[in-house]
Amino acid sequence: MPETAMDSVARATPPRVARRIRGLSDRMIAWIFVAPTIFLLLAINIFPLIWTIRLSFTNFRANRPNAETAWVGLRNYERILSDPDIWQTMQATAHFLFWTLFFQVLIGFALAWLINAKFRGSNFWTTIIVLPMMLSPAVVGNFWTFLYQPQIGLFNYVVAFFSGADPTGFTMIGEVALAPWAIVIVDTWMWTPFVMLICLAGLRSIPESIYEAAECDRASKWRQFWTITVPMVLPFLMLAVLFRGIENFKMFDLVVQLTGGGPGSTTELTSINLKREAFEKWRTGYASAYAVILFVTVFGLASIYVKALNKVKER
Amino acid sequence: MRAFISGILRLRRGPWEMLASVLIAIGVVMLMQPYALWAFSWSFIVTLTGTVMFLIVSHFPE
């Protein structure tokens with residue numbers, strides 16, 4: 001009988017170690033295997049979180065590590081939650097969040113509906129549609145900056161072709177009124193395929209027999225859409241909305257590459273503002289409180305997300 | 001509605017999780033709305049209450 005890897009490992013184990021391991025219970029061996037992961041999790045995730053919460057109650061500044069740190073209680077939280085500039089930043093985030101979700105759900109569902117119709121070359125088109133999602137946000141941000149250039153960018157010429165406007169007459173990322181829409185367009189372009197894939201999974205999970213039964217009852221296509229398709233795809237759609245909502249709430253890289261938060265602070269989303277507070281103004285304690293507020297919000301949304309995910313799994 | 005209230009009174013997970021989710025959603029809306037600064041100021045408390053409540057009630061029986 002040929003010797004297996006297990007046999008050679010068993011033979012190579014010193015007798016003293018082998019005796020010790022033989023005395024361990026299955027539970028203990030399981031713990032030995034899991035312990036490094038738990039240790040890493042504690043060191044990388046839990047400890048920084050607890051440390052951030054602690055810092056949020058102080059006036060610590062990371063650029064002055066030797067300065068005396070004072071305990072300020074809830075003052076950082078009070079200042080953040082009564083600051084009109086941060087409120088403004090939240091509104092910029094809300095604008096970005098609402099419109100990206102709106103367009104991504106609308107276009108994503110429509111694309112999924114089309115792809116689900118199974119026409120010739122649908123697999124090829126699915127691959128083409130999914131391509132933007134596979135790109136790095138930094139790359140997308142960079143090349144859309146070129147597309148938005150008023151002199152050489154393609155975007156202005158496409159808009160001019162359809163609207164008759166002067167292509168050099170507007171700057172998408174340089175105007176206060178247009179910049180928020182510029183980031184919405186890019187995020188929608190990049191992440192609509194993701195929503196489409198989730199909707200497609202939902203549409204393909206609907207049994208054909210339900211539509212056949214509806215046909216027998218002479219239900220119109222419109223009626224079938226509203227009473228079969230929409231309710232059955234809704235949990236999937238909700239999942240997509242929550243997932244994209246959480247991701248866009250934390251959006252940083254794409255917007256930094258595109259507008260850097262400008263013009264002024266028109267597109268300064270919360271994560272960009274937080275980075276400025278922490279690493280440009282070096283108000284570490286204040287930024288920690290800000291991060292805790294964002295963390296609690298994302299954690300709350302993630303709890304709803306997990307609940308929705310379990311509901312989808314139950315189906 | 002009666003089932004919901006009964007679930008709340010009997011400390012059942014479903015309705016309590018629903019209540020916590022609603023609180024979280026209200027907190028997020030308060031955080032991002034453009035109308036009242038006081039709502040923004042209180043949003044964190046509401047979201048935190050909802051999140052902590054969610055963590056606790058997810059251990060309630062079905």
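The values are calculated or read from the model by the stated rules, or taken from the named source; none is laboratory data. Values in this document were obtained by computation on a predicted structure and should not be read as measured data. Here Cβ is always computed from backbone atoms with ideal geometry, including for glycine, and neighbour counts include all displayed protein chains.
Only residues that are of a type in the set (G, A, S), more than 9 Å from chain A (Cβ to nearest Cβ) and touching a helix residue (DSSP H, G or I) at 6+ places or on another chain (Cβ under 6 Å) were counted in the stretch B:15-62, giving 1.
Rundown of residues vs (1) surrounded by fewer than 18 Cβ atoms within 10 Å (Cβ to Cβ); (2) at pLDDT below 90; (3) of a type in the set (S, T, Y), yes/no style:
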{"position": "B:F4", "(1), (2), (3)": "yes, yes, no"}
{"position": "B:L11", "(1), (2), (3)": "yes, yes, no"}
{"position": "B:G14", "(1), (2), (3)": "yes, yes, no"}
{"position": "B:I26", "(1), (2), (3)": "yes, no, no"}
{"position": "B:P34", "(1), (2), (3)": "yes, no, no"}
{"position": "B:L48", "(1), (2), (3)": "no, no, no"}
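At pLDDT 90 or above, part of a helix (DSSP H, G or I) and more than 18 Å from A:I80 (Cβ to Cβ): is that true of B:L55 in this structure? Steps first, answer last, please.
Numbers: at pLDDT 90 or above: yes; part of a helix (DSSP H, G or I): yes; more than 18 Å from A:I80 (Cβ to Cβ): yes.
So B:L55 passes the test.
Among the candidates A:A177, A:A138, A:A214, A:A182, which residue alone is within 30 Å of A:Q88 (Cα to Cα) and surrounded by 15 or more Cβ atoms within 10 Å (Cβ to Cβ)? Going through A:A177, A:A138, A:A214, A:A182 in turn, the sole match is A:A182. Beta carbons closer than 8 Å, at least 6 apart along the sequence or on distinct chains, pair a first residue in the stretch A:101-124 that is buried (at least 20 other Cβ atoms within 10 Å of the Cβ) with a second that is at pLDDT below 85 for A:I115/A:S122. For the stretch A:1-43, filtering for residues that are under 30 Å from A:S288 (Cβ atoms) and surrounded by 10 or more Cβ atoms within 10 Å (Cβ to Cβ) leaves 7. Checked against (1) among the hydrophobic types (A, V, I, L, M, F, W, C); (2) under 30 Å from A:T259 (Cβ atoms); (3) modelled with pLDDT of 90 or more, A:L200 passes all but condition (2).
Within the stretch A:257-273, is even one residue within 12 Å of chain B (Cβ to nearest Cβ) and either closer than 24 Å to A:A62 by Cβ or within 16 Å of the chain's Cα centre (by Cα) (or both)? Steps first, please.
Within the stretch A:257-273, the subset within 12 Å of chain B (Cβ to nearest Cβ) is A:269-270.
In the following step, the residues that additionally are either closer than 24 Å to A:A62 by Cβ or within 16 Å of the chain's Cα centre (by Cα) (or both) were identified as A:269-270.
So far as the stretch A:257-273 goes, yes, one or more of its residues are within 12 Å of chain B (Cβ to nearest Cβ) and either closer than 24 Å to A:A62 by Cβ or within 16 Å of the chain's Cα centre (by Cα) (or both).
Residue by residue through the stretch A:274-315, note down the ones that are within 14 Å of chain B (Cβ to nearest Cβ) and not in a helix (DSSP H, G or I). Hits for the stretch A:274-315: nothing passes. Among residues of the stretch A:64-94 being touching a strand residue (DSSP E or B) at 6+ places or on another chain (Cβ under 9 Å) and under 17 Å from A:A291 (Cα atoms), the one that is nearest to the other protein chains (Cβ to nearest Cβ) is A:N76.
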